[in-house]
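The values are calculated or read from the model by the stated rules, or taken from the named source; none is laboratory data. All figures in this text were calculated on a predicted structure; none of them were measured in a lab. Because the Cβ atoms are built from the backbone with ideal geometry, glycine has one as well, and the counts that use them run over all protein chains shown. Surface areas here come from the heavy atoms of the whole protein model, side chains and all, with no ligands, DNA or RNA. Shrake-Rupley method; radii C 1.70, N 1.55, O 1.52, S 1.80 Å.
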Amino acid sequence: MAGARPLVTYTLIAINVAVFGICAAQANSTDVAAYLPPLFDRWALSGIDLAAGEYWRLLTAGFLHLSLIHLGVNMVSLYLLGVSLEPALGPRQYTAIYLTALFGGSAAVAVFGKPEVLTAGASGAIYGLMGALLVLVLRARTSVAPVIGIIAVNVVLSLTLPNISILAHLGGLLFGAISAAVFVFVPGLSRGWGVRVAWALAAAVLLVAVLLGAVGPQRST
């Protein structure tokens with residue numbers, strides 16, 4: 001897979017940019033959070049809406065952004081991580097990890113967050129890619145200090161900067177790392193069936209994230 005073009009990464013960036021463009025056009029401003037245009041209001045994540053059965057928000061919130069700066073920072077981060085990780089993991093595994101991290105971030109917000117607060121952004125999925133990078137470094141048996149340093153700095157920023165969901169970041173990091181570990185380590189444990197077992201386990205991890213996100217608001221009400 002070395003040298004392969006990161007088409008999934010490019011596609012994800014294109015989708016995020018297109019969705020932001022629609023929201024900005026509806027709001028007539030790039031400060032989307034200040035105006036809450038219809039698409040943003042319909043797609044953003046909140047425990048109240050999830051409790052009402054609007055489960056699509058667990059996915060769609062990951063493609064919304066509050067402002068042009070928010071979008072820019074996340075898309076640059078996605079590009080920098082994706083151009084290395086997608087060829088290393090393969091497009092299918094990379095996509096599975098990204099989506100699992102996205103749902104994992106949403107699940108953390110649904111279970112532990114304030115139900116009335118709207119949450120949006122690709123950061124949870126991007127933190128999941130950081131977790132995947134850590135897993136690859138562990139497999140390569142090289143120093144994990146640089147990756148842990150990057151993750152630690154980002155976590156500190158999440159705790160200190162306003163309007164950032166640390167829950168989405170940590171949930172995405174955890175589920176992304178678990179999903180990546182399944183794909184990286186499980187195939188080597190079982191000859192012949194290893195890849196199938198890895199995909200089955202990865203699907204189970206994704207299902208857990210989705211169910212936590214769907215059930216979380218009901219448990220907190």
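Being among the β-branched types (V, I, T) and touching a Phe, Trp or Tyr at 6+ places or on another chain (Cβ under 7 Å) holds for only one residue in V19, V76, and it is V19.
Condition test on G192, is it out of contact with any Lys or Arg (no Cβ under 6 Å at 6 or more places or on another chain), open to solvent by 70 Å² or more (accessible area, probe 1.4 Å) and modelled with pLDDT under 95?
Taking the combined requirement at face value, the residue satisfies it.
The set of residues in region 1-29 being modelled with pLDDT of 95 or more, open to solvent by 70 Å² or more (accessible area, probe 1.4 Å) and of a type outside the set (A, V, I, L, M, F, W, C) consists of Y10, T11, Q26, N28. List every residue pair whose Cβ atoms sit under 6 Å apart, with the two residues 6 or more apart in sequence or on different chains, where the first one lies in region 30-51 and is free of Cβ contacts under 8 Å to residues at least 40 places away in the same chain and the second, anywhere, is surrounded by fewer than 16 Cβ atoms within 10 Å (Cβ to Cβ) and in a loop (DSSP other than H, G, I, E, B). Going by the 6 Å Cβ cut-off, the qualifying pairs are Y35/S29.
Identify, from the list I166, I126, I150, the residue that is within 19 Å of V73 (Cβ to Cβ), surrounded by fewer than 16 Cβ atoms within 10 Å (Cβ to Cβ) and of a type in the set (A, V, I, L, M).
Values: I166 fails: surrounded by fewer than 16 Cβ atoms within 10 Å (Cβ to Cβ); I126 fails: surrounded by fewer than 16 Cβ atoms within 10 Å (Cβ to Cβ).
After applying the criteria, what remains is I150.
In region 94-104, what count of residues is obtained for those that are crowded, with 24+ Cβ neighbours inside 10 Å and within 13 Å of I178 (Cβ to Cβ)? Step through it out loud before you land on a result.
As a first pass, look at region 94-104 and keep what is crowded, with 24+ Cβ neighbours inside 10 Å: 94, 97-98, 100-104.
Next, only the ones that are within 13 Å of I178 (Cβ to Cβ) stay: 97, 100-101, 103-104.
Summing the residues that are crowded, with 24+ Cβ neighbours inside 10 Å and within 13 Å of I178 (Cβ to Cβ) in region 94-104 gives 5.
Select from region 196-221 the residues that are surrounded by fewer than 16 Cβ atoms within 10 Å (Cβ to Cβ) and at pLDDT below 90 and list them in ascending order. Q218, R219, S220, T221 - these are the residues of region 196-221 that are surrounded by fewer than 16 Cβ atoms within 10 Å (Cβ to Cβ) and at pLDDT below 90.
So, restricting to helices (runs of 4 or more DSSP H) that lie completely within region 16-96, which ones have at least 1 residues that are within 14 Å of the chain's Cα centre (by Cα)? Lay out the reasoning, then the answer.
Details: elements: 32-35, 38-43, 47-51, 57-60, 68-89.
Ranges flagged: 57-60, 68-89.
Screening G113 against (1) open to solvent by 30 Å² or more (accessible area, probe 1.4 Å); (2) in contact (Cβ under 8 Å) with a residue 24 or more places away in the chain; (3) not aromatic (F, W, Y) leaves a single unmet condition, (1).
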